[in-house]
Amino acid sequence: MSAQIHPDIETVLLTEEEIRTIVADLGAQISEDYADRNPLIVSVLRGAFIFAADLMRAITVPCAVDFMAVSSYGDGVKSTGVVQIIKDLSTKVEGRHVLLVEDILDTGLTLKYLMGLINGRGPASIEVATFAIKDIPGNRPAIDPLYVGAHVPNEFVVGYGLDYAERYRNLPFVGILKPEVYS
Ligand code: PRP
């Protein structure tokens, strides 16, 4: 796949085909781990909706889905660890096996907060599946997810649900934005 695929993209990090393989592998692993547990997949809006939709179709055991919409307090650039719940779950999680699905983990603070919140509601278990982890030298995310699709560099990464100023979520691949787009 050439970098000419989109005029704003400098480098393609993960092609559609590579994403398909990553998601299929995660789906197979989750199907094995969650056989007979009817997991509740909790997709964290907005970015994770595309990954969650694909992941769910790669899971072969019975499962349910619900959504949470959250937003970080503060300037919206850096995670503060405190998140505002814009939309809460409609499903009772007590006694359920919850699988939190995220598009990308940066500091991990958003998911740490959500895990604490959901844990307080008495689930049978709670785990995290993240499509990507941003590798930041010297930074260790606040949580350690059980299911990780890929590692990406500390750049402006967009596509497959990831946005820059609400754009590029619809790109079917993951790429790095050209600096002139955001500077
Ligand atoms: C992104 C991502 C996670 C969070 C990760 O969401 O979807 O929710 O940031 O950052 P952290 O690990 O440092 O907490 P964003 O706030 O960009 O919202 P979006 O999902 O609507 O794109």
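For the reader, a short list of remarks on this structure follows.
- Note on Lys87: aspartates and glutamates with a C-alpha under 18 Å away, same-chain residues under 8 apart excluded, are Asp66, Glu102, Asp103.
- Normalised per residue, the accessible area of the chain is 50 Å², obtained with a 1.4 Å probe and no contribution from ligands, DNA or RNA.
- Burial order of peptide ranges 122-130, 63-71 (average beta-carbon count within 10 Å, highest first): 122-130, 63-71
- Radius 15 Å from Cβ of Cys63, net charge of other residues (Lys, Arg +1; Asp, Glu -1): -3
- Local electrostatic count at Ile50 - Lys and Arg +1, Asp and Glu -1, tallied over other residues with Cβ under 10 Å: 0
- On full extension, the segment bounded by Glu166 and Leu146 gains 4.4 nm, given 0.36 nm per residue less the C-alpha separation.
- Computed FRET value (nearest 0.05) for Asn139 with Ala35, which takes r as the C-beta separation and R₀ as 25 Å: 0.10
- Relative to the globular-protein estimate of 2.2 N^0.38 Å, the Cα radius of gyration of the stretch 17-155 stands at 1.00.
- About the centre of its Cα atoms, the stretch 17-155 shows a dipole size close to 460 debye [charges on the beta carbon of Lys, Arg (+1) and Asp, Glu (-1) only; nearest 20 debye].
- Near the amide H of Ala142, within less than 5 Å, lie the amide hydrogens of Gly108, Leu109, all on another chain or at least 5 residues away, with H placed in the peptide plane.
- Using alpha-carbon coordinates, inclination of helix 49-58 to the longest axis of the chain, degrees: 60
The values are calculated or read from the model by the stated rules, or taken from the named source; none is laboratory data. These figures come from a predicted structure and were not determined experimentally. Virtual Cβ from ideal backbone geometry, glycine too; neighbours counted across all protein chains shown. The protein model used for the area step is the full one, side chains on, heavy atoms only, and it has no ligands, DNA or RNA in it. Shrake-Rupley method; radii C 1.70, N 1.55, O 1.52, S 1.80 Å.
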